[in-house]
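The values are calculated or read from the model by the stated rules, or taken from the named source; none is laboratory data. Quantities reported herein were computed from a predicted structural model and do not represent experimental measurements. Reconstructed Cβ throughout: ideal geometry from the backbone, glycine too, with neighbour counts over all protein chains shown. The area values use the complete protein model at the heavy-atom level, side chains included, leaving out ligands, DNA and RNA. Shrake-Rupley method; radii C 1.70, N 1.55, O 1.52, S 1.80 Å.
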Amino acid sequence: MEKNFKRTLITAALPYANGPVHIGHLAGVYIPSDIYARYLRLRGEEVLFVCGSDEHGVPIAIKAKKEGVTPQDIVDRYDGIIRKSFADFGITFDIYGRTTSATHRELASSIFRTIYDKGGFIEEESEQYYDPEAKQFLADRYITGTCPRCQNERAYGDQCESCGSTLNPTDLIHPKSAISGATPELRKTKHWYLPLDKHEPFLKQWILEDHKEWKSNVYGQCKSWLDGGLQPRAVSRDLDWGIPVPVEGAEGKVLYVWFDAPIGYISSTKEWAEREGKDWRPYWQDSDTQLVHFIGKDNIVFHCIIFPAMLKAEGSFILPANVPANEFLNLEGNKLSTSKNWAVWLHEYLQDFPNQQDVLRYVLTANAPETKDNDFTWKDFQARNNNELVAIFGNFINRVAVLTQKYYEGVVPQADTYNNVDTETLRQITELTEKIEQSLERYRFREAQQEL
């Protein structure tokens, strides 16, 4: 049953500040969310479009160590590149925040503390790898070794990028510390866990029964997780880069980045409200707000299961009305990769193709990975530009402009009467407008562009 909302809060996945934005990010998240925000604004609706840089976590800490700089240096560099790229490309965020801001640190700490005070976490001691030379516990990504499944000798403690297997650090053969190269030891450490299993009945009802209209890829992935049974998930890490866990006895521990990052949507909203002299609460605590998360498929579990469980445990926030996640975009037949530098970076495209933002928007929308992974090729980019934008659309606009100038001195004449062709054309335009709106409402942006 559809509901009429007073306002819409649109969030776009926070780009991780250890590298620039590439065309995969644009096609999957930022162009679709921007189209939706622009569409609702054109309808005169109240819209807030929120994003920001995700700036904590192990990969940033590792990159800083490799370069001999601080993690803050890394995130400052990439936040600057990403922020400028979005502005130059014309993405219409109302606010672009940072998870290293004071507002964010205070809010993330406050939400953790509220859940903690309600007894919403489990506190457990477990054995984790410790580097005796660096004298610190090792996050999963700080541990490398041989994958037990494919024998890749450069697997990480959480995943083997060669065969794609999800791993635990103790699964690795011949584990080594990525910091010192030493063989790590298992030692006891204390952490806090969000008991997702306790939220399972609510999540099953809310997603599987109440949101059957969600995209099939989103609904299917959620169902798979829920059918498999949810387990408690750690919300803290032994690390010195992040937001300190705000309870006694948590020295040397920070909030796990997956807990901290989605709160960035709320803290950015707060910063926008402070800047505009408005109240942020209606956007996150009023049931008359439609909350829509635009993400890639790798973030479905965080936005549909973990973040809603956090918000439910806190108790005062609304939940998303929809999470129209997209699949992945490949480049010339191969998976886009930041670490392998296999990407078309947005800031480099803007340098090489000045004033050609709309061509890229058009091509990525025409090829959007809405229902399955799609492929970007420069040949297709060239063909769509020349055959569709120039030969069809550009030629049509040019002819109308030239003929209007030639016969009517550049002013479209007022018609006193309409003939049958006029009437039929106007009828078709009205029908087409309705059809495009229906596509946009269902997050089918590729279909809407094709209709146009």
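When trypsin sites (Lys or Arg not before Pro) are flagged only if DSSP places them in a loop and at most 12 other Cβ atoms lie within 10 Å, the longest unflagged stretch of the chain comes out as 213-339. Charge tally around ASP288: other residues with Cβ under 11 Å, Lys/Arg +1 each, Asp/Glu -1 each, net +1. For Cα Rg over 2.2 N^0.38 Å, the value calculated from this model appears in (1) 1.10; (2) 1.17; (3) 1.45 under label (1). For the chain, with all protein chains in place and a probe radius of 1.4 Å, 48% of the accessible heavy-atom surface sits on carbon or sulfur.
The mean sequence separation of alpha-carbon pairs under 8 Å and at least six residues apart, normalised by the residue count of the chain, gives a relative contact order of 19 percent.
Take each complete run of DSSP H in the chain, measure how far its Cα atoms stretch along the helix's own axis, and keep only those covering 30 Å or more with mean Kyte-Doolittle hydropathy at least -1.0; list them. Answer set is 420-441. Mean residue ellipticity at 222 nm, helices only, the chain: -11500 deg cm²/dmol; runs of at least 4 DSSP H residues each add -39,500 (n - 2.57), and the sum is divided by the number of residues. Accessible surface area normalised per residue over the chain is 50 Å², counting heavy atoms of protein chains with a 1.4 Å rolling probe.
Quick one: Cα centre-to-centre distance for the range 404-423 and the range 174-216, in angstrom? The two parts, judged by their Cα centres, are 64 Å apart.
Where a ≥ b ≥ c are the square roots of the eigenvalues of the C-alpha gyration tensor, would you call the range 105-215 rounded, which needs a/c under 1.5, or, failing that, prolate if a/b is larger than b/c, or oblate? It is oblate, given that a/c is not under 1.5 and a/b is not larger than b/c. Rounded to the nearest 20 debye, the dipole magnitude of the chain is 300 debye, with +1 charges on Lys and Arg beta carbons, -1 on Asp and Glu beta carbons, and the Cα centre as origin.
With every protein chain in place and a 1.4 angstrom probe, the accessible-area ranking of SER126, SER162, largest first, reads SER162, SER126. Take the Cβ atoms of LYS223 and SER287, set R0 to 22 Å, and the FRET efficiency comes out at 0.30. The longest part of the chain holding none of the exposed loop GluC sites (Glu not before Pro), meaning those outside H, G, I, E and B in DSSP with at most 15 other Cβ atoms within 10 Å, is 46-132.
By definition, a body whose alpha carbon gyration tensor gives a ≥ b ≥ c is oblate when a/c is 1.5 or more and a/b is not larger than b/c, and the range 361-450 fits this oblate description. For a test of the definition: using alpha carbon positions, the gyration tensor, and the 1.5 limit on a/c, classify the range 174-301 as rounded, prolate or oblate. The shape class here is oblate. Looking at the chain alone, DSSP beta bridges between its own residues are antiparallel in about 55 percent of cases. By the Cβ rule of 4.7 Å, the chain holds the following cysteines without a possible disulfide partner: CYS51, CYS222, CYS304.
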